[in-house]
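Report on the following structure.
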2 protein chains.
Amino acid sequence: MVNYQSCHLDGIFAALSDPTRRAMLRHLSSGERTVGELAAPFDMSFAAAAKHVKVLEEAGMLRRRIEGRSHRCRINAGPLATANRWLAYYERFWSMRLDDLENALVRHAGKRKRK
Amino acid sequence: MVNYQSCHLDGIFAALSDPTRRAMLRHLSSGERTVGELAAPFDMSFAAAAKHVKVLEEAGMLRRRIEGRSHRCRINAGPLATANRWLAYYERFWSMRLDDLENALVRHAGKRKRK
């Protein structure tokens, strides 16, 4: 039951389950950042922030290049696309819910007109 | 920084980070199941499987109704849609990657033609 894709999804969703890591990804969405810049907004030690960066890196969502003494990070969207594809299977369920809502509203509007 | 929506996403992504829970959701996608039916395919105790069901329930992805002695479960897609909306923000990154690939292929095809 466990295969490469599944293990990969474990790491992707686990990485996304933390608000600091999600905020770091959002920060990276506007461009490359050093680990220090990624750590700055958070009320935590540099070491703690660096651990979050490491989790994102291990899940494949962050690429790092070393330039002298600074580690420059950028977003890598592949794993986010993988998560998105996994979720897409369930889209019919929330689409159905919206269809149900729309049908209910149409019926409701019809009843009001007839009154 | 931490708000209701963010806490909700923590639970949603954490629930999705486990292959047993993802498999249970897939099972529920074809219809209502008892906790016993959800537990059956897995090589684990009923109690362990029931804990996974509880995690899905707490993340809002599973609704349970009690009918006599059996707990009947069904999928609730709202939180999956929430996760999908969060991921949608990053779609431009993987779309860009595909555009880059397409452009590279077009250039490559152009070069081959000229040879």
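Given axes a ≥ b ≥ c from the Cα gyration tensor, I'd like to know whether the stretch A:1-94 is rounded (a/c under 1.5), prolate (a/b larger than b/c) or oblate. Cα axes put the stretch A:1-94 in the prolate bin. For A:Ser29, the amide hydrogen comes within under 5 Å of no other amide hydrogen, counting only partners 5 or more places away or on other chains and with H modelled in the peptide plane. Between A:Thr34 and A:Cys73, the built amide H atoms are under 5 Å apart, and every one of these is 5 or more places off in sequence or on another chain. For a straight C-alpha distance cut-off of 20 angstrom, the aspartates and glutamates reachable from A:Lys51 (same-chain residues fewer than eight places away being disregarded) are A:Asp10, A:Asp18, A:Glu32, A:Glu37, A:Asp43, A:Glu67, B:Asp10. Panel order for A:His52, A:His8, by other beta carbons found within 10 Å of each beta carbon, from fewest to most: A:His8, A:His52. Contact order for the stretch B:10-115, expressed relative to its length and based on alpha carbon pairs under 8 Å spaced 6+ residues apart, stands at 25 percent. Within the shell defined by Cβ-Cβ distances under 9 Å, the residues around A:Phe13 carry a net charge of -1, with Lys and Arg each +1 and Asp and Glu each -1. Phi angles of the stretch A:62-75 translate, via the Karplus equation with coefficients 6.51, -1.76, 1.60 and θ = phi - 60°, into HN-Hα couplings of 9, 10, 10, 10, 9, 10, x, 9, 9, 9, 9, 10, 9, 6 Hz per residue; Gly and Pro are given as x. Residue by residue along B:76-83, Cβ atoms of other protein chains within 10 Å of the local Cβ number 5 on average. Note on B:88-95: average number of Cβ atoms from other chains within 10 Å of each residue's Cβ is 6. May I ask you to list the aspartates and glutamates whose Cα is less than 20 Å away from that of A:Lys111, ignoring any residue fewer than eight positions away on the same chain? Within the straight-line cut-off, A:Lys111 pairs with A:Asp99, A:Asp100, A:Glu102. In order along the stretch B:18-35, the Karplus-derived 3J(HN,Hα) couplings, from 6.51 cos²θ - 1.76 cosθ + 1.60 at θ = phi - 60°, round to 10, x, 5, 5, 5, 5, 5, 4, 4, 4, 5, 5, 9, x, 5, 9, 7, 4 Hz, and Gly and Pro are given as x.
With R₀ set to 22 Å, the beta-carbon distance separating A:Ser45 from B:Asp10 gives a calculated FRET efficiency near 0.55. Angle of helix B:91-114 to the longest C-alpha principal axis of chain B, folded into 0 to 90 degrees and rounded to 10: 30°.
Bear in mind these aren't lab numbers, they're just calculated from the coordinates by the rules spelled out. The structure displayed is predicted, hence computed values, not measured ones. Methodologically, a virtual Cβ is constructed for each residue, glycine included, from the backbone with ideal geometry; neighbour enumeration extends over all protein chains shown.
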